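Taking it in order: structure first as structure tokens, then the write-up.
The values are calculated or read from the model by the stated rules, or taken from the named source; none is laboratory data. Since this is a predicted model, take the numbers as computed values, not measurements. Here the Cβ positions follow ideal geometry from the backbone for every residue, glycine too, while neighbour counts run over all protein chains shown.
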Amino acid sequence: ASSGCDFGYFGASNASYSGRPDLQMHGMVTAGDRGLFEGFLHYGRAFTGQVGEPSDYSSLFAQGLLIAPTLLHAAAEGSVGLNPAHKASGYDGPPTIRYEAFGDDDDVRRLTEGIRRLQEIMRQPSMARLKPTLLHARDLAAELGEDTDAYWAQYIRRFGFVVYHPTGTCRMGRAGEPSTVVDPSLRVLGVRGLRV
């Protein structure tokens, strides 16, 4: 039996986040759970062909756990806009979504610090006695060195993903103020007749 996220962690990547932690870790016991691994986490052949050895996947990590460091309060900002391809039909179609996850270097550095914290936790006596083995992506390790900061930055950008609950908001303010999306009357700036 599992809640899907069996243990967790909150912490600050540096002193400026000490009053508002920016790191979260989700601990999932993945042993034999193909539905969680492939269906929920969406790790397919691109990942499993790079990480570990084929024997590791014989029963999909018969013994193992996945700990996913997560960045809260990301600096990267994406955008949602009207799709110009649908202008002729009055924009009646799906929006253009640009999600800039991992596009901010400081976000990647803070997430790398989360990985380093996780490694420190795994070195503690209660975990170390279990002899955990960290599996690296072979091609990235060959190119950038195993466990280097450059390795983890590329690993995050290539295999990282976002979770669905730490999200963002649309800023309220006056037209012309940075990142403002709606005015004080909740009218979407730049779109006539739309309030949220």
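Some notes on this structure:
- Odd one out for A128 among (1) hydrophobic (A, V, I, L, M, F, W, C); (2) farther than 30 Å from P178 by Cα; (3) surrounded by 12 or more Cβ atoms within 10 Å (Cβ to Cβ): (3)
- Residue in the range 167-188 that is closer than 22 Å to H26 by Cβ, surrounded by 11 or more Cβ atoms within 10 Å (Cβ to Cβ), at pLDDT below 85 and among the aliphatic types (A, V, I, L, M) present: no
- The residue that is nearest to E38 (Cα to Cα), counting only those in the range 81-111 that are of a type in the set (A, V, I, L, M) and exposed (fewer than 12 other Cβ atoms within 10 Å of the Cβ), is I97.
- At least 2 residues being of a type outside the set (A, V, I, L, M) and within 19 Å of A68 (Cα to Cα) is the threshold, and among the helices (runs of 4 or more DSSP H) wholly inside the range 116-196 those reaching it are 149-159.
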